[in-house]
Amino acid sequence: MTTPSLVSPDEIRDRFSTAMSAMYQAEVPQYEALLALVEEVNRETLARDTVLAERLDAHDELNRLNVERHGAIRVGTAAELAMLRRLFAVMGMHPVGYYDLSEAGVPVHSTAFRPIDDAALARNPFRVFTSLLRLELIESDALRERAATILEARDIFTAGARELIALSEAQGGLDDEQAERFVAEALETFRWHRDATVDLDTYEALHAEHRLIADVVCFRGPHINHLTPRTLDIDEVQRRMPAAGMTPKEVIEGPPRRDCPILLRQTSFKALEEPTRFRGEHQGTHTARFGEIEQRGVALTGEGRALYDRLLTASREQTKGLANEPHQRALAKSFGEFPDDEAALRREGLAFFEYRLTDTGRDAAPERETDLEALIAKGLVTARPITYEDFLPVSAAGIFQSNLGGTQNDAYAGHANKGAFEDALGAAVTDELALYAKREAASKERVLKALRH
Ligand code: OOG
Ligand code: NI
């Protein structure tokens, strides 16, 4: 029953992320300033580093640079999460990865809704880090029940959004006019509401339990709490933030600066205190929304990731309490044993690569060699790093913490519970490592097959 006039999910996602960015710039003017700063630094970096510019261009990364974004939201119930899954599916965004933040003292677990296949990622990789509040981690029975009752009473979706999601599922997509309406209706779920749904006492009681709980429970919807453009030089943006009127988070999260960037480095400007009206005519403020930047590097294999996790944990003692510059120096030292050239990352199986034929390879006579490193040495094949498209739980916890007042919360007793998360979601999350591995394997197979003729 598909009609020929359907718009692709990639197109809907592209329109939605553009609309979301415009809305957030209007709501949070500092985000507009952050975008300008990132754009300026990206431009300077590309002008200075022509090798990088050529490489990004060759890898189809340049055109997606300016649309590159992720956002984050937090919801309160299984029903909200399950409906979000259906909403994001309309835009070709599917749940990838499971992140447990409870160990870092944040009572949520999360996934990232994102495009999966190469063409979709190249078009617009917009992702939304989505967290589900774990009410079961609230110790007080009375408070937990109060929060649950408040959440049960709200509907974070418009009637129009619900209808269009159902329509998209029934007809296998949306036509142009329906897609336009869908973007407008879906956007409503992510809008900021300065009116809380509760009185100040309730807000304060929930806030005292955990600031995040107040943020999720006391409002009509899961306001987008940040958007994140992609920078080519995160250290420089961090340095320039104060002069541009932003207070940066103390340290950049993730791996240190390297010649071959790995995974993901992130920093943010601190959340703003915004005027809020509570029931009973009380004025107050709520602090939730901020801006973030990210710099992405190569995706690591299970082995590479284990090495990353080990070195990061080991660096804790050395970096504790340090300001960003000394923190980065200490981190770089701790990461000394992580190979920093592409050939080593490949040979040691630490990172994922995509293999392609070179021009010589395309013209070559049938080739019997099947060892990729030998084929690279012969000039027949090249390998390019596969960009990491996901998130890092330790970094995410750091971003949460710095925007929840900076104070460290103790770990919650509850542990990772992927099963419960998937039950709430109504679907399994895709394993991110499997996606990268599949992409690498497919590229190897293509190359070897082409060389055999
Ligand atoms: C999400 C924080 C995590 C990231 O980029 O790691 C995150 C939140 O504050 O809701 O966005
Ligand atoms: Ni983020």
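The values are calculated or read from the model by the stated rules, or taken from the named source; none is laboratory data. All values reported here derive from a predicted model rather than from experimental measurement. All Cβ positions, glycine included, derive from the backbone under ideal geometry; neighbour counts span all protein chains shown. Ligands, DNA and RNA are stripped out before the accessible areas are found, and what is left, the full protein with its side chains, is counted by its heavy atoms. Shrake-Rupley method; radii C 1.70, N 1.55, O 1.52, S 1.80 Å.
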So what are the chain's ellipsoid semi-axes, whole angstrom, largest first, if each one is the square root of 5 times an eigenvalue of the alpha-carbon gyration tensor? 38, 27, 21
Leaving out ligands, DNA and RNA, and with a 1.4 Å probe, what % of the accessible surface on the chain is carbon or sulfur? 50 percent
Can you tell me the orientation of helix 29-48 relative to the chain, as the angle in degrees between its alpha-carbon axis and the longest Cα principal axis, to the nearest 10? 10 degrees
Neighbour net charge for Pro393 - beta-carbon separation under 14 angstrom, K R +1, D E -1: -4
Using a Förster distance of 56 angstrom, determine the FRET efficiency expected from the C-beta separation of Arg257 and Glu152, and round it to 0.05. 0.75
Heavy-atom surface of segment 229-361, accessible at 1.4 Å and reported per residue (Å²): 43 Å²
Do you know the relative contact order of segment 169-288, to the nearest whole percent, from alpha carbon pairs under 8 angstrom that are 6+ apart? 25 percent
Can you give me the C-alpha center-to-center distance between segment 135-204 and segment 95-112, rounded to a whole angstrom? 20 Å
Using Cα pairs closer than 8 Å and at least 6 residues apart in sequence, work out the relative contact order for segment 328-442, in percent. 26 percent
Quote the FRET efficiency, to the nearest 0.05, computed for Ala78 versus Ala208 with a Förster distance R0 of 22 Å and r equal to the Cβ-Cβ distance. 0.30
Nearest 5 percent is fine: what portion of the DSSP beta bridges confined to the chain is antiparallel? 75 percent
Starting from the Cα-Cα distance between Arg220 and Asn63, subtract it from 0.36 nm times their residue separation and give me the gain in nm to one decimal. 52.9 nm
Quick one: which of 18-25, 61-68, 396-403 comes out on top by average Cβ neighbours within 10 Å, and what's the full order, highest first? 396-403, 18-25, 61-68
First select every other residue whose beta carbon is under 12 angstrom from the beta carbon of Arg230; then total the charges, Lys and Arg +1, Asp and Glu -1. -2
Take the cross-link list Lys270/Lys418; Lys249/Lys438; Lys333/Lys438; Lys378/Lys449; Lys249/Lys320; Lys270/Lys320 and give me the ones stretching past 26 Å between alpha-carbons. Lys270/Lys418; Lys249/Lys438; Lys333/Lys438
Mind checking the per residue accessible area of segment 162-227 for me, 1.4 Å probe, whole number of Å²? 38 Å²
Among 134-141, 252-259, how do they line up from the highest to the lowest mean number of other beta-carbon atoms within 10 Å? 252-259, 134-141
FRET efficiency for Glu145 and Thr18, Cβ-Cβ distance as r, R0 = 60 Å, nearest 0.05? 0.90
When only Cα pairs under 8 Å and 6 or more residues apart are kept, what is the percent relative contact order across the chain? 20 percent
Three-way shape call for segment 106-241 based on the alpha-carbon gyration tensor, with the a/c threshold at 1.5: oblate
